[in-house]
Amino acid sequence: MLKLIHQHLEEVLKIKKVDLAIIGAGPVGLFAAHFAHLHGLSNLIFDSLSEVGGQPQMLYPFKQISDIPAYNTISGTALIQNLKSGLPKETEIITNHKVNDVKKSDDGFILDDMVLAKSIIIATGAGAFKPKELPLKMNEDIQKRVHYFIKDPKDFANQKIGVFGGGDSALDLAIELANYTNVKIIHRRNEFRGLESNVKKLRSLANVEILTPYLPKDIQLVNNQLDITLKGMGDVQPRHEQFDQIIVAYGFKANNRFVKKWGIELNGTNIAVDPTMKTNIDGIYAAGDVVSYPGRVPLIALGFGEAQIAITSIMRDLFPEKTLTIHSTSI
């Protein structure tokens with residue numbers, strides 16, 4: 001009876017059928033899709049963001065990464081572009097879609113009544129993340145000038161730019177923007193949370209001014225500029241600053257607890273997996289920074305290997321009668 005219900009549901013909703021659904025289009029999810037294709041697994045990718053790439057694309061697109069095998073350094077954007085270029089044209093990526101519902105069926109799993117997948121890999125990294133917003137009332141015209149992600153620092157050339165925040169992301173943004181324009185970085189403390197070497201570099205730049213300790217108190221659009229009232233902390237006097245645009249780097253809220261409603265066991269905020277990268281549910285695997293096991297370190301390169309382990313395990317589960325070819329040179 002249950003099987004008949006699922007068959008009827010598939011017919012009514014025209015559910016797409018694949019061997020593997022990948023949740024998360026960051027570097028590990030993209031590589032998982034590539035490796036799955038090598039082994040003949042049909043697959044598609046879901047991501048809650050508006051574009052693929054995860055944290056490297058959204059948080060540090062221009063930052064040089066030095067721990068990816070075969071590259072001395074590579075920017076976040078270049079890494080994602082390379083991973084995307086390795087995908088076959090038929091790979092479907094569904095963006096702006098956070099998977100909410102996963103139901104077990106006789107033939108695998110039904111995801112949001114859209115996809116029937118024989119298996120799932122969760123590769124959501126630190127989790128679906130949202131920026132911590134500037135805590136001020138802003139109308140639509142002001143909001144257009146307040147940014148939480150930037151794709152190309154050149155877009156801000158020759159403008160007055162303010163960067164709010166004190167962590168590595170704020171420091172990286174200020175350093176990169178300083179290549180193209182004047183920058184003021186505003187932080188609520190005199191001490192920064194980011195790398196001291198970056199703080200020293202910013203202090204050495206003639207076109208960068210560091211304003212501490214201040215918090216934004218009010219923001220208005222005056223004479224086509226953002227007029228921001230800064231509240232001084234302690235006995236520091238308030239001041240006004242004018243910017244063409246500002247970037248807010250207060251960090252992000254992210255977690256993976258949403259998978260608990262699917263019955264998946266967590267270890268803290270991450271997913272517990274066995275040595276084959278399988279979760280506590282047969283057919284559902286996880287790879288990348290979303291997973292937890294003793295000794296794991298949060299490296300993209302390690303996530304690539306975990307994706308390979310997961311897909312090898314999936315192949316053995318789905319096709320136990322086949323002799324599994326592991327190496328690409330033998331496929």
Query raised in the report: Residue check: is residue 288 surrounded by 15 or more Cβ atoms within 10 Å (Cβ to Cβ), in contact with an Asp or Glu (Cβ under 7 Å, 6 or more places away or on another chain) and assigned to a loop (DSSP other than H, G, I, E, B)?
Result: yes
Query raised in the report: For segment 295-316, does any single residue satisfy the condition of being in contact with a Leu (Cβ under 6 Å, 6 or more places away or on another chain) and in contact (Cβ under 8 Å) with a residue 12 or more places away in the chain?
Result: yes
Query raised in the report: Given the structure, is residue 212 farther than 19 Å from residue 134 by Cα, surrounded by 15 or more Cβ atoms within 10 Å (Cβ to Cβ) and of a type in the set (Val, Ile, Thr)?
Result: no
Query - Residue that is surrounded by the most Cβ atoms within 10 Å (Cβ to Cβ) [pool: residues in segment 19-46 that are part of a loop (DSSP other than H, G, I, E, B) and either touching a strand residue (DSSP E or B) at 6+ places or on another chain (Cβ under 7 Å) or at positive phi (or both)] - result: 24
Query raised in the report: Can we say residue 60 is touching a residue at least 60 places away in the same chain (Cβ under 8 Å) and more than 20 Å from residue 310 (Cβ to Cβ)?
Result: yes
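Output the strands (runs of 3 or more DSSP E) that fall wholly within segment 119-217 and possess 3 or more residues being more than 30 Å from residue 302 (Cα to Cα), or say none. Walk me through it before giving the result.
Details: elements: 128-131, 160-164, 182-186, 208-211.
Here the list reads 160-164, 182-186, 208-211.
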Query raised in the report: Is it the case that some residue within segment 222-235 is in contact with a Leu (Cβ under 8 Å, 6 or more places away or on another chain), open to solvent by less than 10 Å² (accessible area, probe 1.4 Å) and not basic (Lys, Arg)?
Result: yes
Query - Counted residues, segment 274-285 - those being assigned to a loop (DSSP other than H, G, I, E, B) and either touching an Asp or Glu at 6+ places or on another chain (Cβ under 8 Å) or of a type in the set (D, E, K, R) (or both) - result: 6
Requested in this report: Answer yes or no as to whether residue 179 is in contact with a helix residue (DSSP H, G or I) (Cβ under 7 Å, 6 or more places away or on another chain), surrounded by fewer than 18 Cβ atoms within 10 Å (Cβ to Cβ), assigned by the TED database to the domain that holds residue 226 and under 30 Å from residue 204 (Cα atoms).
Outcome: yes
Report task. Test residue 142 against the stated conditions and say whether it is in contact with a strand residue (DSSP E or B) (Cβ under 8 Å, 6 or more places away or on another chain), closer than 30 Å to residue 31 by Cα and either open to solvent by less than 20 Å² (accessible area, probe 1.4 Å) or at pLDDT 95 or above (or both). Result -> no
**Report entry** Residue among 192, 164 that alone is of a type in the set (Phe, Trp, Tyr), open to solvent by 30 Å² or more (accessible area, probe 1.4 Å) and not assigned by the TED database to the domain that holds residue 60
**Finding:** 192
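Against the definition (touching a Leu at 6+ places or on another chain (Cβ under 8 Å) and either open to solvent by 70 Å² or more (accessible area, probe 1.4 Å) or modelled with pLDDT under 95 (or both)), how does residue 242 come out, yes or no? Step through it out loud before you land on a result.
On the way: touching a Leu at 6+ places or on another chain (Cβ under 8 Å): yes; either open to solvent by 70 Å² or more (accessible area, probe 1.4 Å) or modelled with pLDDT under 95 (or both): yes.
In short, yes.
Please count how many residues of segment 94-118 are of a type outside the set (S, T, N, Q), part of a strand (DSSP E or B) and open to solvent by less than 50 Å² (accessible area, probe 1.4 Å).
Residues flagged as of a type outside the set (S, T, N, Q), part of a strand (DSSP E or B) and open to solvent by less than 50 Å² (accessible area, probe 1.4 Å) within segment 94-118 amount to 9.
The values are calculated or read from the model by the stated rules, or taken from the named source; none is laboratory data. Source: prediction; values computed, not measured. Every residue, glycine among them, receives a Cβ derived from its backbone with ideal geometry; neighbour counts consider all protein chains shown. For the accessible areas, the whole protein counts, side chains as well, though only heavy atoms, and no ligand, DNA or RNA atoms are used. Shrake-Rupley method; radii C 1.70, N 1.55, O 1.52, S 1.80 Å.
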